[in-house]
Amino acid sequence: MPAFWVIAEHNADGSLARISAEAATLARSLAAAAGGDSEAAGIVVAADPGHAAEQLAVYLPRVVAVADAAAAGHAWAVLAAERAAAVIGDAPDAVIILGAGPDGRDVAGMLAALGGRGVLVNATGAAWDGRLTVEMSVFGGKLITTSGFTAAGGIVTLRPNTVTAEVGPAAGTVERRSAAGEPSIPLVAVLDQVAEVGAAAPIEEARIIVSGGRGVGSPEGFDLVREIAAELGGAVGATRAAVDSGWVPYSQQIGQTGKIVKPQLYLALGISGAIQHKVGMQTAETIVAVNRDPDSPIAEFADLLVVGDLFEVGRAMLVALRARSG
Ligand SMILES: Cc1cc2nc3c(=O)[nH]c(=O)nc-3n(C[C@H](O)[C@H](O)[C@H](O)COP(=O)(O)OP(=O)(O)OC[C@H]3O[C@@H](n4cnc5c(N)ncnc54)[C@H](O)[C@@H]3O)c2cc1C
């Protein structure tokens, strides 16, 4: 029976990335569905993996923490792929689950090359029914496909917010190991790390996104978008029109040439809902739009359309939110 492995990502402070808690929850439920002696386990590779490994063990019965001093000052993905491949071994039926972010994608590519495993990317769901089936959103969200591996196992990258992280029935064990030998893949030195302006909340992982479009009208107009996002504990998104106008950094652009997001709530302020924007946010659980034009395309796919001026509605929303939070 297969083993479901999660290769966990961690934040700059050493804590577990939320996507990895979600991936771990998925691995645990797949192992339970597969039954028999299937196991769900996790791997943390870091200079000091202890904190993230303990956090991952809340979700998985077994975690291998690989301490590798080279992880300080070198790109994580290269080391993670190499060290995780050594832990997993040849196991052709292993199913490896990673986050569908930049690091997860890098590790998936390297693991595929190292072990000759297939990859199913950007999963929006996965199930076990005698074999693994993976749902993916393709062609900019126009189609949902269901795919499986032709081999017994493979690599899956999971889109954030696909699974709700749930802790396991009991804390798992953490097995501590030291990395053995020099990695075979050349390491990539990290010379400098720069915090991106305006990217306080990572938009791909946000459960709530408040987005502004051309209707916001100016960089100052985005202050209202930011205030509402802060009040809701969400991230700020934008359309390409707002990004091209220089009001918001590109890192916040959602859509065909920006990021694809799947929050629980997407609040669209002054956004028409062009197809290139829609493909980046249409899988949000609830879409609420504020637009003064009742016939704007977003009216066709929003769950709730408030027809009105975004500044009037937005400020009223802020007052109500602040009253609620006391
Ligand atoms: C190849 C290609 C790739 C693209 N990639 C992307 C992408 O990744 N992401 C993306 O977003 N776009 C992308 N676009 C651009 C896309 O086609 C649209 O032009 C863009 O999404 C429009 O942005 P918008 O909704 O902010 O602006 P508009 O379409 O101009 O809509 C503004 C809306 O605001 C409303 N409004 C105005 N003032 C107010 C007010 N005071 N109160 C309430 N409502 C108001 C208007 O009624 C209108 O509906 C791409 C285009 C191409 C050709």
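Every read-out reported here was derived from the displayed coordinates using simple, explicitly stated rules and does not represent laboratory data. Since this is a predicted model, take the numbers as computed values, not measurements. In this analysis, Cβ positions are derived from the backbone assuming ideal geometry, glycine residues included, and neighbour counts consider all displayed protein chains.
Compute the orientation-averaged projected area for the range 208-324 from the convex hull of its Cα atoms and round it to one decimal in nm².
On the way: hull surface 24.6 nm².
Here the figure is 6.1 nm², rounded to one decimal.
The modelled label-to-label distance for the pair residue 325/residue 303, using points 7 Å beyond Cα in the direction of Cβ, is 2.1 nm.
Is it possible to state the helix-based mean residue ellipticity at 222 nm for the chain, with each DSSP H run of 4+ residues giving -39500 (n - 2.57), the sum divided by total residues, to the nearest 500 deg cm²/dmol? What is it? Could you put the intermediate results ahead of the total?
Details: 8 runs with 89 residues, N = 326.
Per the formula, -8500 deg cm²/dmol.
Within the chain, the proportion of Cα pairs with more than 26 Å between them is 51 percent. Proximity of backbone amide H atoms, modeled 1.01 Å from N, is registered between residue 237 and 210, 211, 212 at under 5 Å, excluding neighbours fewer than 5 places apart on the same chain.
At 25 °C and a viscosity of 0.890 mPa s, what translational diffusion coefficient does Stokes-Einstein give for the range 12-153, taking Rh as the Kirkwood radius over Cα pairs? Give it in µm²/s as a whole number.
Estimated via Stokes-Einstein, D reaches 156 µm²/s.
So what is the relative contact order of the range 107-169, in percent, for Cα pairs below 8 Å that sit 6 or more residues apart? Could you put the intermediate results ahead of the total?
On the way: 86 pairs, mean separation 22.1, N = 63.
Reported relative contact order: 35 percent.
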